[in-house]
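A.B. asks: I'd like to ask you about the structure that follows.
Nothing in this text is a laboratory measurement; each read-out follows from the coordinates by a stated rule. Note that this is a predicted model, so its numbers are computed, not measured. Cβ coordinates were reconstructed from backbone atoms using ideal geometry, including for glycine residues, and neighbour counts include every protein chain displayed.
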Amino acid sequence: MSPARRILNWAKRQLDTSPRGYMALFFFSFLESTVLPIAIELILIPYMILNRRRAMAIATVTFGGCLLGALLGYAVGAELMDSVGQALIDRFGWSQGYERFLGYMDDYGFWAIAIIGIVPLPFQIAMLGAGAAHYPIVLFCAAVFLARGIRYYGLAVLVLLYGDKAQALWEEHRWATIITVLVVIALFFAASQAVAAGV
């Protein structure tokens, strides 16, 4: 059994049996956003279904762990890119993806970070790249929310509305849901910019 799979099984046991379930979820979300190649939805959806009344709190804890991991990745990119950051890129084979992301960031800035949550590039690349470019940290956090937070709160809403059917709905429509939300936000942002510019 792989180390990642062992950690996944451990996390499931903690969430099922431990009164410190939130702490375990926060820790697992932090690991998933930094080093674990396993989607947290594998444990997040069943946990929310078992605790429907706490679904929004669970989403908040999950996002908190993800944000802490993202800030760590940003700090590595900002302060240790030539050593630790480059070693991570080499270790995980992210060189081509990292170069592609830097190009996207030059062209699209904020949206490059936000949209990497739905494209087939590791989100860790965005953390390192944003840090290395010294992208404004407040905007980076906002982009992390769009990239990941929407997924967690979206899952909570699905669980509250559909209960046990939420997992099947998410698996069938997750990319369409995420893309739709991002398009709506992009249109709202563009409209706000147009109004501010007096167009």
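A.B. asks: Taking H placed 1.01 Å from N in the peptide plane, check which residues at least 5 places from Y135 or on another chain put their amide H under 5 Å from its amide H.
C.D. replies: none
A.B. asks: On a full-extension model of 0.36 nm per residue, what is the gain between D107 and L42, subtracting their alpha-carbon distance, rounded to one decimal in nm?
C.D. replies: 20.0 nm
A.B. asks: If packing is taken as the mean number of other Cβ atoms within 10 Å per residue, what is the order of 148-155, 107-114, highest first?
C.D. replies: On the way: 148-155: 21.9, 107-114: 18.2.
The most tightly packed comes first, giving 148-155, 107-114.
A.B. asks: First measure r as the distance between the Cβ atoms of M23 and L80, then evaluate 1/(1 + (r/R0)^6) with R0 = 30 Å and state the FRET efficiency to the nearest 0.05.
C.D. replies: 0.65
A.B. asks: Next question, about the same structure. Count neighbours as other Cβ atoms within 10 Å of each site's Cβ, and list the trypsin sites (Lys or Arg not before Pro) in segment 17-86 that are DSSP loop with at most 13 such neighbours.
C.D. replies: Answer by residue number: R20.
A.B. asks: Hey, can you grab everything whose amide H is under 5 Å from the amide H of N51? Only 5+ residues off in sequence or another chain; H modelled, so Pro and N-termini drop out.
C.D. replies: none
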